[in-house]
Amino acid sequence: MVREPGTTPFQVDLRRHLREHEEDRDLTRVICEIATASRYVINAIRTGDLGVAGTSNLYGEEQLALDVLSDRILRKRLIHSGVISTIASEETDEIINVNLNGKYSITYDPLDGSSLVDVNLAVGTIIGIYRGDNVLQRGRNMVAAMYILYGPRCTLVYSTGSGVHEFAMNSLMEYTLIQEHVKMQPAGTIYSPGGQRNKYSPGVEKFISSLEAKGSKLRYSGGFVPDINQVLIKGQGIFMYPHLEGAPNGKLRLLYELNPMAFIMEQAGGAASNGRERILDIEPEGIDQRSPVFIGSKEDVAMAEKFIAEFG
Ligand code: FDP
């Protein structure tokens with residue numbers, strides 16, 4: 001549903017938005033369970049001890065590292081939904097069969113960028129949703145993707161294949177609509193480059209030089225979710241974590257990180273490539289597969305592909 005200008009979109013909460021879009025009831029349930037789980041994750045991030053797994057807190061209780069805790073919170077809610085067949089989490093890196101009759105399967109990174117929590121930078125949760133019991137398939141088969149960004153504000157972005165919608169958590173810890181149908185401009189003026197530049201291939205180096213030459217500004221936090229969110233919500237620019245000397249597949253994980261973000265970016269009119277082909281077309285060989293990524297405004301991604309085709 002496209003809302004008429006002049007209406008008050010901030011009144012619309014996530015469940016109502018899904019209902020208005022006539023989403024499948026079970027899919028609505030999954031998305032709402034994840035939204036509920038994120039309340040506990042944000043609470044853990046904001047108030048939890050910054051201990052490492054296996055140590056004790058002030059009260060002598062054993063602590064869980066935040067990423068382990070976030071994984072447990074999400075897994076519990078997903079299982080509780082009753083409609084999940086299979087889950088694969090970046091934290092455990094194994095496929096867990098939950099319910100033979102479940103309608104959906106989930107890939108997730110419960111707390112991406114967890115190494116940034118101690119320096120108080122933004123982190124996030126990334127989710128990919130497939131119909132059926134198979135998580136090891138091309139990203140283009142996904143039926144929905146979402147992420148939650150735990151920053152100064154907590155925001156949730158989702159797509160079920162008909163546009164990208166942004167919500168913010170209010171004082172009651174409910175998500176209310178900020179904007180519908182987020183759109184990417186064809187070219188951008190910000191860039192967010194991961195990895196070490198002295199390990200870039202000649203093609204990537206030339207691409208970066210071309211961005212600098214056109215006056216693009218560097219905008220990089222080191223957290224995949226906030227860095228992607230910046231490009232998406234500004235509606236322009238490019239994030240990349242390229243192939244590096246000694247790391248031909250880059251760093252980021254196809255199933256847990258790249259496919260959901262590629263799905264969302266394409267839904268917003270942007271593009272996502274490994275430098276040679278669409279991220280969503282890559283046939284995964286394992287759940288821990290990594291891939292280089294260039295994601296954002298279409299023309300910027302096409303330019304990266306052009307430099308890589310020519311110079312490697
Ligand atoms: P982190 O290792 O802190 O969890 O995929 C994880 C990730 O962070 C991304 O959030 C981020 O974009 C990337 O790794 C940063 O990688 P480098 O450590 O190579 O900078």
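The values are calculated or read from the model by the stated rules, or taken from the named source; none is laboratory data. As the structure is a computational prediction, the values presented were derived from the model and not from experiment. Glycine gets a Cβ as well: all are built from the backbone with ideal geometry, and neighbour counts include every protein chain shown. Quick note on the areas: whole protein, heavy atoms, side chains included, nothing else; ligands and nucleic acids left out. Shrake-Rupley method; radii C 1.70, N 1.55, O 1.52, S 1.80 Å.
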(request) Give the residue from GLY194, MET169, HIS181 lying farthest towards the positive end of the charge dipole for region 155-219; charges sit on Cβ (+1 for Lys and Arg, -1 for Asp and Glu) and the dipole is referred to the Cα centre. (result) GLY194
(message) Just to confirm the number: angle between the C-alpha axis of helix 202-213 and the first principal axis of the chain, 0 to 90 degrees, nearest 10?
(response) 90 degrees
(request) First compute the accessible area of the chain with a 1.4 Å probe, then give the percent of it belonging to carbon and sulfur atoms. (result) 48 percent
(request) Roll a 1.4 Å probe over the protein chains and send me the accessible area per residue for the chain in Å². (result) 45 Å²
(request) Please work out how much length the chain gains when fully extended from LEU121 to GLN137, using 0.36 nm per residue of separation minus the C-alpha to C-alpha distance, in nm with one decimal. (result) 2.5 nm
(request) Starting from one equal scatterer on each C-alpha and no solvent at all, send me the Debye-based log10 I(q)/I(0) for the chain at q = 0.06, 0.07, 0.13, 0.15 Å⁻¹, two decimals. (result) -0.19, -0.26, -0.92, -1.21
(request) With 21 Å as the limit, write out which pairs from LYS103/LYS251; LYS199/LYS306; LYS76/LYS251; LYS214/LYS251 have Cα-Cα distances beyond it, or answer none. (result) LYS103/LYS251; LYS76/LYS251; LYS214/LYS251
(message) Using the Cα atoms of region 204-312, I'd like the radius of gyration and the largest Cα-Cα distance, Dmax, both in angstrom.
(response) 12.9, 39
(message) For region 76-126, which GluC sites (Glu not before Pro) pass both filters: DSSP loop (anything but H, G, I, E, B) and at most 12 other C-beta atoms within 10 Å?
(response) GLU94
(request) On a 0 to 90° scale, report how tilted helix 66-81 is relative to the longest principal axis of the chain, with both axes built from alpha carbons and the result rounded to the nearest 10. (result) 60 degrees
(message) If packing is taken as the average number of other Cβ atoms within 10 Å across a peptide's residues, how do 253-259, 163-169 rank, most packed first?
(response) 253-259, 163-169
